[in-house]
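Encoded as structure tokens, the structure appears first; notes follow it.
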Amino acid sequence: MDRIYIFDTTLRDGEQAPGASMTLDQKLAIARQLESLGVDIIEAGFPVSSPYQFETVKAVSREIKNSTIAALCRAVKTDIDKAAEAIEAAARKRIHTFIATSPIHMEHKLKKTPDEVLAMAVEAVRYARNLCPEVEFSAEDGTRSDVDFLCRITEKVIEAGAQIVNIPDTVGYSTPEEYGALIAALRNRVPNIDKAILSVHNHNDLGMAVATSLAGIRNGARQIECTINGIGERAGNAAMEEAVMAMKVRKDLFPYELNIDTRQIFKTSRLVANTIAYPLPKNKAIVGENTFLHESGIHQDGVIKCKQTYEIMKPEDVGREVNNIVLGRHSGRNAILTRIAELGITLSPEETELVYTRFLKVADKKKEVYDEDIFSIVNDELGRQNSFYTMEYFNIISGNNPLIPTATVKLSYNGESYQEAAVGDGPVAAIIRAIDRITGLKTRLTDFNLQAVTPNKNALGEAGVTVLIDGKSYNGRGSSTDILEATAKAYLNAVNNYCIHKNRPEGK
Ligand code: KIV
Ligand code: ZN
């Protein structure tokens, strides 16, 4: 049986989704879970793009043993050197170098002729092969490239030593039929194609990323580049859980071997969604809340009689077994820590203490603590632990006319306390203004949502925000039984994410 390699780029292309930037610890936690999932290759980042990216790729390389660690770089020596250095400690490593091959990119972005691009690609692959035993080449915007040129460059990079050649549909423009034909053309026309693995990489701008990737597989590609929950630039990338389950459920059409332990899918999906504060649509394929629910009487009747009438896969296949244990204030420490581990969350001893103490506080206020509460507590506590700014105190006065909503906020930063007050059209505006006065940052709130973590009256409220700072979006979230406190925490979390990425020790 042929083997399909799963190349996960959640930590690289996925992180390019607006507001999805992750901290080093968060990336490490996701990398560990991707390893448990059985991912063949984890693309950990783009090392030359920032010192932070470099450190993250280095940390993931040190820690992960069973998956190959890939680092992305442009087809230039300085980039390749940085990528090689970042993955040096990895047990299995790959340099992933790319250059655009479409007329529109070559002419307007690179300002280079096709011959110059071809020479750069060949030189980059040759150089990378001297530094790393495994090299992948990507022809960026491959689907809008001239097929003859794509065949020529593929042949030359394989000759130069690339073992994997990836054909990205960078702008999600291709259709399944067209993309399948492109992969077939490469297989038929490139004389040395048997010396390399062809890879697919599809974006979801027209909602066809998974279908297009699978068409590539049906036509001879053997690696899929994808992300958990389909996160990524703009409309995202092909969703790994969908591609994998499509191949598992339709084994008649995809008679291939995969290394993925599908029972880890749900856990991984939740970890990613919770980490970057991207709630999943209820009807998201495979991992959405409604995926295994049956509402209409006819369907319910059918499933009672025979599950397969309306279910093409079992919830257990993707790790969605029902958890019958509801935790509360009387649950023992062991039960709580076991559930946290079952959710795929790894904590250091200090983090365990923080999370456990907070769990007890939450359990005191609400009788039953669900998995979603646990995720929320963990995010909140770990977010705070990595913070530049922490909330010492806040007070809000709000009400109907003639009362003007007013917030007083006290934050600590670098061991000092700072206090400010502000008014606003509403209490949320007042809190944000008071925080901004302390941080001195120019921010714009571009998204704000509030939801109950679980559907009962004494639920934890969870606030999610997206804040634009210095032209880049940062997500934040916070939870509390008080929704204004949850809002303040979420906003501060986004500000802290900005600070982490800017490494901003100065300022107040
Ligand atoms: O979409 C794309 O073209 C990419 C490449 C850099 C592989 O992500
Ligand atoms: Zn991409």
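Values quoted throughout were computed directly from the atomic coordinates according to the rules given, and no laboratory measurement underlies them. Computed from a prediction, not measured in an experiment: that's the story for all the values here. For neighbour counting, all protein chains shown are included, and Cβ atoms are generated from backbone atoms with ideal geometry for every residue, glycine included.
Within region 113-149, which residues have the backbone N less than 19 Å from the label spot 7 Å out from GLU178 along Cα→beta-carbon, could you tell me?
139-149
How much of the DSSP beta bridge set in the chain is antiparallel, as a percent to the nearest 5?
Beta bridges within the chain, antiparallel portion: roughly 50 percent.
Given only helices, namely DSSP H runs of n ≥ 4 each adding -39500 (n - 2.57), what is the per-residue ellipticity at 222 nm of the chain, to the nearest 500 deg cm²/dmol?
Value at 222 nm, helices only: -12500 deg cm²/dmol.
What FRET efficiency do you get for LYS442 and GLU257 if R0 is 45 Å and r is their Cβ-Cβ distance, rounded to the nearest 0.05?
Result of the calculation: an efficiency of 0.30.
Can you list which of the trypsin sites (Lys or Arg not before Pro) found in region 62-138 are DSSP loop residues with at most 15 other C-beta atoms within 10 Å?
LYS65, LYS111
Loop-only GluC sites (Glu not before Pro) in region 284-335, please: DSSP not H, G, I, E or B, and at most 14 other Cβ atoms within 10 Å.
Answer by residue number: GLU289, GLU295, GLU321.
To the nearest 10 degrees, how steeply does helix 176-189 sit against the main Cα axis of the chain, on a 0 to 90 scale?
Taking the Cα atoms of the chain, the angle to 176-189 is about 40 degrees.
What's the Kirkwood radius of the chain in Å, using all Cα pairs?
Averaging 1/r across every pair of different Cα atoms and inverting gives 24.4 Å.
For SER138, enumerate residues with amide H under 5 Å from its amide H, sequence gap 5+ or separate chain, H modeled in the peptide plane.
Close amide H contacts, sequence-distant or interchain: THR97, PHE98, ILE99, ASN166.
Under 5 Å between amide hydrogens, which residues at least 5 positions from LYS93 or on another chain qualify, with H placed 1.01 Å from N in the peptide plane?
ILE69
Taking R0 as 35 Å, what FRET efficiency do you get between ILE104 and ASN401 from their Cβ-Cβ distance, rounded to the nearest 0.05?
After rounding, the FRET efficiency stands at 0.05.
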